[in-house]
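This report concerns only the one structure given below.
The values are calculated or read from the model by the stated rules, or taken from the named source; none is laboratory data. Just so it is clear, the model here is predicted, and its values are computed rather than measured. With ideal geometry, Cβ positions are generated from the backbone for all residues, glycine too; neighbour counts draw on all protein chains shown. Remember, those area values only see protein heavy atoms, side chains included, never the ligands or the DNA or RNA. Shrake-Rupley method; radii C 1.70, N 1.55, O 1.52, S 1.80 Å.
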Amino acid sequence: MQRIRVLVVDDHRIFAESLAAALAAEQDVDVAAAGSAPAALRTLDRAAADGRRFDVLLADADLAAPLLAVPAQPPGPAREAVPSAREAVPLAREAVSSARDAAVPTARDAAVRPGREAVPRNCPRDGIALVSGLRSSHPYLRTVVLADRDDPRRAAAALQAGASGWVAKDCSLSRLLAVIRGVLRDETHLPPALLTGVLRELTAARKHRSESERLVESLTPREREVLRCMVAGLGRKAVAERLFLSPHTVRTHMQNVLGKLGVHSTLAAVALARRAGVGPVELETAAAAASVPVP
């Protein structure tokens, strides 16, 4: 029997551990729980290093923003034991619908409590951001977002980030297992009530992208090069050195880019370029070019 390895990520411990224990009652499921995005990343990295990669990640859409480290305090009492798989099945069903109301510290509560672990500043700030980051770092992993409420816009954002499903936290355990097995067959799962709204959001996003692409296509090849340098965050002098142009010429190109794109700032031009799929120049190449004297 091929086993499915699942990682549950939720900063509400009762929910995460209860759901993990309930899933573990299935004969073909191995499951672990993580209480934060940093903990999830460490768990995934350790598993990959050991050759025991996870197959599916279930991520809370509303993971609390990571907290920066504060001075540690002596450890408190040992945590209570996690219920066995059989004991946790009914508990998990209850926790799925009521974990948010349980007496679990919130992110705001925890902010004033000592003993929090150090968190990298570039750590994902919610479940959707976590899914987006995992698409490149763990491309083999199927991700499903667990949500407290229906939200077509956020569900569409999750799919665009690379999620294979959006599931309500109050769904049945059998429904969740069907989704887990379905995404491993490359299926995409959405609640039927969300389908129309999500399709509308994705269509609007595509229309917005198409308009951005049309504007970018109006640029000359040289202006597109300048735009890619802008996307990379290069200033006027660096762009001039990169493209072997004078700063005055670069300034003219930048003004033309803003005018053709219909925006009034470099930041807006970069945002439009990213919507159109325009990537940055290779910074290493740009740095190498910057070392070459301009004739």
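Tabulated data
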| item | result |
| --- | --- |
| ³J(HN,Hα) computed for each position of region 15-27 - Karplus, 6.51 cos²θ - 1.76 cosθ + 1.60, integer Hz, glycine/proline x | 5, 4, 6, 5, 5, 4, 5, 5, 5, 5, 5, 6, 5 |
| Amide H contacts of residue 263 (H built 1.01 Å from N, under 5 Å, at least 5 apart or other chain) | none |
| Sparse-neighbour loop sites [trypsin sites (Lys or Arg not before Pro); region 143-176; at most 12 other C-beta within 10 Å; DSSP] | 149 |
| Rounded percent of accessible protein surface that carbon and sulfur make up, region 131-204, 1.4 Å probe | 53 percent |
| Long-range HN-HN contacts of residue 34 with modeled amide H, under 5 Å | 8, 9, 10 |
| Carbon plus sulfur fraction of accessible area for region 1-48, probe 1.4 Å, in percent | 48 percent |
| In order through region 157-174: 3J(HN,Hα) via Karplus (6.51 cos²θ - 1.76 cosθ + 1.60), integer Hz, x for Gly, Pro | 4, 5, 5, 5, 6, x, 5, 9, x, 10, 10, 5, 5, 9, 6, 6, 5, 5 |
| For residue 168, residues with placed amide H under 5 Å, excluding near neighbours | 147 |
| Low-density loop positions, GluC sites (Glu not before Pro), region 141-211 - DSSP coil, at most 12 other Cβ in 10 Å | none |
| For region 168-275, the Rg and Dmax computed from alpha carbons only, in angstrom | 21.4, 65 |
| Backbone HN-Hα couplings from phi across region 213-225 [Karplus 6.51/-1.76/1.60, Hz, Gly and Pro as x] | 4, 4, 5, 5, 5, 6, 6, 6, x, 5, 5, 5, 4 |
| Pair residue 42, residue 214: separation of 7 Å Cα→Cβ label points (nm) | 5.1 nm |
| Rough spin-label spacing in nm, given labels placed 7 Å along Cα→Cβ, for residue 244 and residue 256 | 1.8 nm |
| For residue 177, net neighbour charge (Lys/Arg +1, Asp/Glu -1) across residues whose Cβ lies under 10 Å away | 0 |
